[in-house]
1. May I ask you to derive the FRET efficiency for B:ARG321 and B:ASP87 from their Cβ-Cβ distance with R0 = 41 Å, giving the value to the nearest 0.05?
2. Considering only the other residues whose Cβ falls under 10 Å of the Cβ of A:LEU57, what net charge follows from Lys and Arg at +1 and Asp and Glu at -1?
3. In µm²/s, what is D for the range B:142-196 at 4 °C and 1.567 mPa s, where D = kT/(6 pi eta Rh) by Stokes-Einstein and Rh is the Kirkwood radius from Cα pairs?
4. To the nearest 20 debye, what charge dipole does the range B:3-236 have about its Cα centre, counting +1 at the Cβ of each Lys and Arg and -1 at the Cβ of each Asp and Glu?
5. Please give, to one decimal in nm, the separation of the simple spin-label points placed at A:LEU4 and A:LEU99, each 7 Å out from Cα toward the Cβ.
6. Take the cross-link list B:LYS188/B:LYS270; B:LYS61/B:LYS143; B:LYS4/B:LYS188; A:LYS126/A:LYS221; A:LYS126/B:LYS298; B:LYS36/B:LYS270 and give me the ones stretching past 30 Å between alpha-carbons.
7. What ranking of A:PHE27, B:PHE169 emerges when the number of other C-beta atoms within 10 Å of each C-beta is taken as an exposure proxy, fewest first?
8. Pull out the extension gain between A:VAL174 and A:ALA53, defined as 0.36 nm times the separation in residues minus the alpha carbon to alpha carbon distance; nm, one decimal.
Amino acid sequence: MSKLVVVRRVLEIIVTLVLVTLVTFFFTSKLPGNEAAVICGPAGPACLAKEGALLYLNHPFFPRYLHWLGNLFSGTFGLSAAPTEPIATLLKQSYPITLELVIFSQLIAIVVAVPLAMYSAVRPNKVFDRMSTAATFATLSLPAFIVGPLLRYFFTVKLPWFPGAGSTMPSIGVNPAQNLYVMFLPSLTIAVGSIAVYQRLLRADMIATLEEDFIVMARAKGLTTWRILFRHALRPSTFTVMTVGGVQIGSLIVGAIIGEQVFGLTGLGYQLVLAVTKADLPTVQIITVIVAVAYILMNLIIDFLYTVIDPRVRRARTT
Amino acid sequence: MSRKRHVRDIDDLEDRPLLEVENLKTYFQTGHGIVKSVDGVSFDLERGRTLAIVGESGSGKTVLSRSVMGLLPPQNVIREGRVRFGDVDLTNASPQELRGLWGAQISMVFQDPVTSLNPVVRAGRQITESLRYHLAMSRQDAKETAISLFRSVGIPEPENRMQWYPHQFSGGMCQRIVIAAAIACGPKLLLADEPTTGLDVTVSAQILDLLNRLQQERYMSVIIVTHDLGVVTGRSDDVIVMYAGQVVERAPTTTLFRDARMPYTEALLKSAPRLSNPSHTRLHTIPGNPPNPANLPKGCRFAPRCPYVQPKCREEEPPLRQAEAPRHWYACWYPVGTPEGVRALEENQAAGVPAAMGVV
Ligand SMILES: Nc1ncnc2c1ncn2[C@@H]1O[C@H](COP(=O)(O)OP(=O)(O)O)[C@@H](O)[C@H]1O
Ligand SMILES: [Mg+2]
């Protein structure tokens, strides 16, 4: 990428971040309730005045926003309302769980969807294609809040193959096997929604790719079907899937919230729901911004992946 | 670690041509009925010789070349007849056996070089993959071989260009890469399907010269498919003229140019641009369109467009007949340059038959 493009890209991100934080702060500060009241609980007006001053509650909108932004960028993120503790501490414990959940679920989705899509594309409209398309279509009508409880019921209660909700979970660095064992069902809950999407998009693009001249040429070179699929057809067939994958991150967050609830994992989604029920406005604001930033980052990564996957994009960007 | 070669070795049969195609038919089953794209084609090709297959667009050249190779996808295709290549019967070969031949013993150069190269794979890899797969070369050997192949097809700075992606090359350079990929494993037979369509005249001449040179250096048999007879002058030993899925004339190139018998060949010859002609010379185009291969006319398939057409032509299909010159065959009831042909044309002109009026 040329310097100019990088500069433009960075400016874009800065503008987006400003807008995202502004909008988040604006709407959450319009919510009914008073943070100071939540913090103080039954304590008296003295407490209200003190906390209100700390939160800049008696200031106009913009200074209040700037104060909040200052906390955000200093990395302390301010204090949560109930109980009063640094939000940074809370995040440090919860974000790895959500991150792992999202990544693991997408790996599961890819591992299931890619072979299904490939095999379907090689023999489109044949028995296997019809069956896998029907099966993945059925999963589309199963939202995570149904899949999650079902999985939990069947595979932790009926057939206790997996640890039940709230089991202790070592971090992935300490005991990866045990960690993945606990994370599997929650990740699968989120993956189910992605499998159908990936399978269908990849199948459609793959069928189109397999009609290309360069696939005929690869066949004429005598390469095996396996090589042709993985070395020649897969990469050029992933553009739509990647684009949609980036947009889908929103629904993954929703999936994570549900998955964490159902399986009692204290990730960001869990903390978000908890903060909402406690009217802990500062925490809600911060988690909302984090989700938005994750969304921006994800799309940035995907933009970068395009250039890795398609050399033509690389050149278009530099000229 | 020793790697496995994936080549089906072939033996040349003594006193027999390298390739023999016998009454090859290739039909497609479609919603609109059966499409007879190739309908009973026979020819043979000796080792080290070049055969040109000429015909208008839609006459079945691409289907024929792919059918010879066995490259058509099996769905909806009816393929009959026999193709013998060395000691292998291609029509009965297993998919595995075919893969051992494709790219190793029989290769194809495609019409559109830009779309035949994988846009996301570096040029070098598109050459080395065959070398590594078929010939089990080490990474380093394959790389060195690919560089020398690049050099022999005329790509400048080959070490550097190996790293390029297809979109960084011009159309002509892409076709050189496709050719390098096709000859990489030293095939005995090379099929080139309109290898220069879409390239400008100068580049196209360079590509044809390159194919000729490689053919002589490597003693390959070459089948070159084209819609332009001008392309094959002086470059092919024999010519097959195809019309509506059939061979209508077959002859050594010089014989064909001097002594064409089939009115369709005559029309093609008139429509061929000559490099010697000034570029503004108006080309003679053949009036009308080739028949729909799903709904072929009775009798001679060229009859509806033929200046020589007679009632018999619309009733009976002319068989391939031998002309006086050796190895010259044609399918026509009223051949060009014979008394019957001359009479037929004069009658038609007198009667004002539209197809005959443009013929001088
Ligand atoms: N897969 C297919 N299904 C049905 N018809 C086909 C198929 N491939 C080619 N054809 C038909 O066969 C005829 C010959 O095509 P082709 O070999 O491509 O002609 P050429 O290469 O001489 O221009 C055309 O009429 C074309 O429509
Ligand atoms: Mg063609």
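FYI, it's all coordinate maths here, none of it is from the lab. Computed from a predicted model, the values in this text were never measured in an experiment. Glycine also receives a Cβ, built like all others from the backbone with ideal geometry; neighbour counts cover every protein chain displayed.
1. 0.85
2. In short, -1.
3. 111 µm²/s
4. 740 debye
5. 3.6 nm
6. B:LYS188/B:LYS270; B:LYS61/B:LYS143; A:LYS126/B:LYS298
7. Placing the least packed residue first, the sequence is A:PHE27, B:PHE169.
8. 39.3 nm
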